[in-house]
Amino acid sequence: MEGSPALEVVESPLGAENEIRIDEPLPDALPVLPLRETVTFPETLTPLAVGQERSIKLVDDVLGASRMLAMVAARNPENEEPGPDDLYGVGVVGVVARMLKVPDGTIRILVQGTQRVRLGPYIAEEPYLVARISELPDVVEEGPELQALSRNVQRTFSEIVEQIPYLPEELQMAVANIEDPAALGHLIASALRISTDEKQQLLEEVDVAARLRHLSQILARELEVVQLGSQIQSQVESEIDKGQREFFLRQQLKAIQEELGEGDEQQAEVNELRQRIEEANLPEHARKAADRELSRLEKLPPAAAEHGVIRTYLEWLVELPWAAHTEDNLDIAHARKVLDADHYDLEKVKDRILEYLAVRKLKPDSPGPILCFVGPPGVGKTSLGRSIARALGREFERISVGGVRDEAEIRGHRRTYIGAMPGTIIRALRDAGSHNPVFMIDEIDKMGADFRGDPSSAMLEVLDPSQNDTFRDHYLDLEFDLSDVMFIATANLLDTIPAPLQDRMETIELAGYTQDEKKHIARRYLVPRQIEENGLKPSQIEFADPALAALIEEYTREAGVRNLERQIGTVCRKVARDVAEGRSKGKARVSAKRARELLGRRRFYAEQRRRTKDPGVATGLAWTPTGGDVLFIEATAMPGSGNLTITGQLGDVMKESAQAALSYVRGHWQKLAPELGEKWFSEHEIHIHVPAGAVPKDGPSAGVAMTVALASLISGRPVRNDVAMTGEVTLTGQVLPVGGLKEKSLAAQRADIKRVIVPERNEGDIAEIPEHERSALEFLYVDKVSKAIQEALA
Ligand SMILES: Nc1ncnc2c1ncn2[C@@H]1O[C@H](COP(=O)(O)OP(=O)(O)OP(=O)(O)O)[C@@H](O)[C@H]1O
Ligand SMILES: [Mg+2]
């Protein structure tokens, strides 16, 4: 109905000059206007809407006459056209003060109530009701009670008005100014929204005091309702508030930021982050943290230092592979193919990997083993890890913890540090982009510890399947599940790995390669790779077998093949240059001679030939972290007073075994060199030296070599140059078993040794070395050092 006037003044029979004559004597009878859900009161002005045909006629007729009518409430508002029985017996006489005709045919009238009357009997029902009326005046008993009641009612009512929006404030004024208790009662009763029935009761009560009493009860009740209502209201409001408050604050913030000229940019940043959080599929605990940080970020100006910190943190959160993972390829035949394609031999390791795959296939959720590859450099530990990842179809990540002394390196710094970052574990996982990569931890044996905390304890947590599902990085400060990661550690040495860490890992040893194996590896893997890496084609270069042998024997001395690969690379590079410069046409054949030309002076010699030419030098075998090595023991004698000098940076155990060796030889001089005579030892000073003095050496296993060197010295017979030896010697000449035989035998082969003297009790260890790794050697088992001397001396 917007815009069109709802009311149209058609007739205004009462001009300003026409006063309402309310003092006119009451007639006997009056037309009766039934009211629905309304009770009018004396001395009040009531607007009424009149729609029924008979009522409109009534108003018409009344307006043409005295303008007086009787108004009375109907008992039942449902009743459309109530008869005399449907109406209450008490009503109010009114004078129609104004009448408006509404376009829809109904009318509005404004009626001034005058006095209360009793209605009945009815004398007409058509065309409208007409009833006889009789006045029903108030009974007023002036006194303090009436006054008190009046005040009470006034006060309560004004309290109510203050809290109820539908009551206009002028009413409060009016009520406060009325002095007549009867009028007061009527005015308040007419203003209240209470039931028709209750209003009617108030109207019918002639005793003013009783009426006010009743009214004050009603008011008290209403006040209570109003107060309760506003209490509920304020509760509801505060609930709504929380949501709205944030909204309003955000709006305000935005306004401030816009004012500062930083709004859009920052909002865009926040929105972008919000979206990324949404897409990152965070687990619940991480999601909570992200939301919390984001709402902090939103409130910070971009210039605040904290802003960047939070931003970086959120970026870490969304970039981590919380849910991303790769499907394992559990095809065992495929895995076998991949492993073979990348590595020669290493059967034990490959078998272990395939077993792992098989178990995973049968029991997908079994926690995988944590493998630790132990062996000298360049034997393929790292590249094997890569190959495992390839076989499984997993991502590969590698970190090195060698030299790490700070726990925070592993586990990150708390965010309160400037420039804090997650630790290396979490960083690697982010790079992996999946939460189940093959994760290689290199040089776990070289981890240190100092005042900054022990990184191995953090490592312990990472590698422990029973706690790594709740790994907590200091920076993230959230749990991250590492249990799907396949960890592989590598080490050169087992000894320096803390025992608790060793305990959690399954160690697999890779000892090193024989010359023969190296040749195979070179031919099948290293040469093709280097050819390709140097931009050559297989049709442009070919390595002859003797060339590879020369590279292995003359230019490298190592357990693994890293240097060998480097030397092959050098040769390839030089050939590549020839090809590029047009000097080499067709296929370049690299013979041993050509290789030597290209690489220059040989680096290594089969030294024992030269060294052991003179008496007093024996070839020992040592186990070192880089595999095994040959070790020369040199002994000389000069005139003196029977002292023993030992040099070459030997540890205490090794010095003692030198002492023991001398004592043994001295005790057996008669058999070894009867011509010397008893006094020789007290008239000579003996010096034992182990060259390569910069390298610390220790252990008892050089005992046999020392004894043999001394025996050679005093007997003047040189040691055979194709023999090396290892074993501990007791004072009585027993030979005790030693460790590291596999590495030692490989070292012996590298040094072109043909026969190795080993303790008899190590026979089992020798048998464990694969046949092809020891076939180039002859092992001589001895239980007494006298036998070793016999075998070794020429
Ligand atoms: N059995 C093998 N078959 C083929 N290639 C091999 C084999 N063993 C080692 N290699 C190659 O030798 C090189 C050196 O290996 P890798 O880097 O894995 O050594 P590593 O054992 O990790 O040494 P480090 O202890 O020094 O880290 C690699 O290029 C690797 O492919
Ligand atoms: Mg490595």
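The values are calculated or read from the model by the stated rules, or taken from the named source; none is laboratory data. Note that the structure is predicted; figures quoted are calculated from it, not measured. A quick note on method: Cβ atoms are made from the backbone with ideal geometry, for glycine too, and the neighbour counts reach across all protein chains shown. The protein model used for the area step is the full one, side chains on, heavy atoms only, and it has no ligands, DNA or RNA in it. Shrake-Rupley method; radii C 1.70, N 1.55, O 1.52, S 1.80 Å.
Per DSSP helix of 4 or more residues, -39500 (n - 2.57); summed, then divided by the residues of the chain. What does that give at 222 nm, rounded to the nearest 500?
The helix contribution divided over the chain gives -13500 deg cm²/dmol.
Starting from the amide H of Glu395, placed 1.01 Å from N in the peptide plane, find each other amide H under 5 Å away whose residue is 5 or more places distant or on another chain.
Here Val438 satisfy the definition.
Please give the residues of the range 527-547, grouped as numeric ranges, whose backbone N is less than 16 Å from a label point set 7 Å along the Cα-to-Cβ vector of Lys593.
The answer is 544-547.
What does the extension gain come out to for Ile232 and Glu542, with contour length at 0.36 nm per residue minus their alpha carbon separation?
Stretched fully, the Ile232-Glu542 segment lengthens by 102.2 nm.
What part of the accessible area of the chain, given as a whole %, is carbon or sulfur when the probe is 1.4 angstrom?
Whole-percent figure for carbon plus sulfur exposure: 49.
Report ³J(HN,Hα) in whole Hz for each residue of the range 352-359, in order, from the Karplus equation J = 6.51 cos²θ - 1.76 cosθ + 1.60 where θ = phi - 60°; Gly and Pro get x.
Karplus-based 3J(HN,Hα) across the range 352-359 equals 4, 5, 5, 4, 4, 4, 4, 5 Hz.
With each label point set 7 Å from Cα along the Cα-Cβ vector, what nm distance links Glu319 and Glu763?
6.2
May I ask you to order 353-366, 181-194 by the average number of other C-beta atoms within 10 Å around their residues, highest value first?
Answer by packing, highest mean first, reads 181-194, 353-366.
Once you place label points 7 Å from the Cα toward the Cβ at Arg292 and Glu145, how far apart are they in nm?
Taking the simple label geometry, Arg292 and Glu145 are separated by 6.8 nm.
PRE reach from Ser682 (point 7 Å along Cα→Cβ): which of the range 630-668 fall under 11 Å by backbone N?
642
Kindly express, to the nearest 10 degrees and within the range 0 to 90, the angle between helix 208-259's C-alpha long axis and the longest C-alpha principal axis of the chain.
Approximately 40 degrees, to the nearest 10.
How big is the dipole moment of the chain about its Cα centre under a simple scheme where the beta carbon of each Lys and Arg is +1, that of each Asp and Glu is -1, and everything else is neutral? Debye, nearest 20, please.
Working: 96 positive and 129 negative charges, 1699 e Å.
Around 8160 debye, computed over the chain.
For the range 463-489, list residues with backbone N below 17 Å from a point placed 7 Å from the Cα of Tyr417 toward its Cβ?
472-478
What angle, in degrees between 0 and 90 and rounded to the nearest 10, separates the Cα long axis of helix 381-392 from the longest principal axis of the Cα atoms of the chain?
50
Residues with amide H under 5 Å of Asp207's amide H, sequence separation 5 or more or different chain, H placed in the peptide plane at 1.01 Å from N; which?
Val139
Might you tell me the accessible area per residue for the chain, computed with a 1.4 Å probe and given in Å²?
Accessible surface, normalised per residue, equals 49 Å².
Considering the alpha-carbon set of the range 296-353 alone, what are its Rg and its Dmax in angstrom?
My reading of the Cα-based Rg and Dmax gives 23.0, 62 Å.
Can you list the GluC sites (Glu not before Pro) in the range 131-198 that are in a DSSP coil and have 12 or fewer other beta carbons within 10 angstrom? Write down the numbers at each step before the final one.
Details: sites: Glu135, Glu141, Glu142, Glu145, Glu159, Glu162, Glu169, Glu170, Glu179, Glu198; in loops: Glu141, Glu142, Glu179.
Here the GluC sites (Glu not before Pro) that fit, given the DSSP loop and packing criteria, are Glu141, Glu142, Glu179.
Mind checking which of Leu510, Phe439, Val756 is farthest towards the positive end of the chain's charge dipole, using Cβ charges of +1 (Lys, Arg) and -1 (Asp, Glu) about the Cα centre?
Projecting each Cα onto the dipole axis, the largest value belongs to Val756.
At 7 Å along the Cα-to-beta-carbon direction for both Arg405 and Arg566, put a label point, then send me their distance in nm to one decimal.
2.7
Assuming R0 = 35 Å, can you tell me the calculated FRET efficiency for the pair Arg472 and Arg523, based on Cβ-Cβ distance, to the nearest 0.05?
0.10
Quick check: Cα centre of the range 39-65 to Cα centre of the range 303-357, how many Å?
91
When only DSSP loop residues count, what trypsin sites (Lys or Arg not before Pro) in the range 564-602 have their Cβ near at most 13 other Cβ atoms within 10 Å? Spell out each step's value before the answer.
On the way: sites: Arg566, Arg573, Lys574, Arg577, Arg583, Lys585, Lys587, Arg589, Lys593, Arg594, Arg596, Arg601, Arg602; in loops: Arg583, Lys585, Lys587, Arg601, Arg602.
Hits after loop and neighbour filter: Arg583, Lys585, Lys587, Arg601, Arg602.
Using Cα atoms only, what is the angle between the long axis of helix 652-667 and the major principal axis of the chain, expressed in degrees (0 to 90) to the nearest 10?
20
³J(HN,Hα) across the range 328-339 via Karplus (A = 6.51, B = -1.76, C = 1.60, θ = phi - 60°), whole Hz, x for Gly/Pro?
Values, residue by residue: 6, 8, 9, 6, 5, 5, 4, 4, 4, 4, 4, 5 Hz.
Any chance you could run the full-extension gain for Gln163 through Glu778? It's 0.36 nm times the residue separation minus the Cα-Cα distance, nm to one decimal. Intermediate results must be reported in sequence, preceding the final value.
Working: separation 615, 0.36 × 615 = 221.40 nm, distance 11.13 nm.
This chain segment gains 210.3 nm when fully extended.
Of Gly642, Gly620, Ala658, which is farthest along the charge dipole of the range 596-658 in the positive direction, counting Lys and Arg as +1 and Asp and Glu as -1 at C-beta?
Of the options given, the answer is Gly620.
For the range 301-315, take each phi angle, set θ = phi - 60°, evaluate the Karplus expression 6.51 cos²θ - 1.76 cosθ + 1.60, and give the result in whole Hz per residue in order, putting x for glycine and proline.
With coefficients 6.51, -1.76 and 1.60, one gets x, x, 6, 5, 4, 4, 4, x, 4, 5, 4, 4, 4, 4, 5 Hz.
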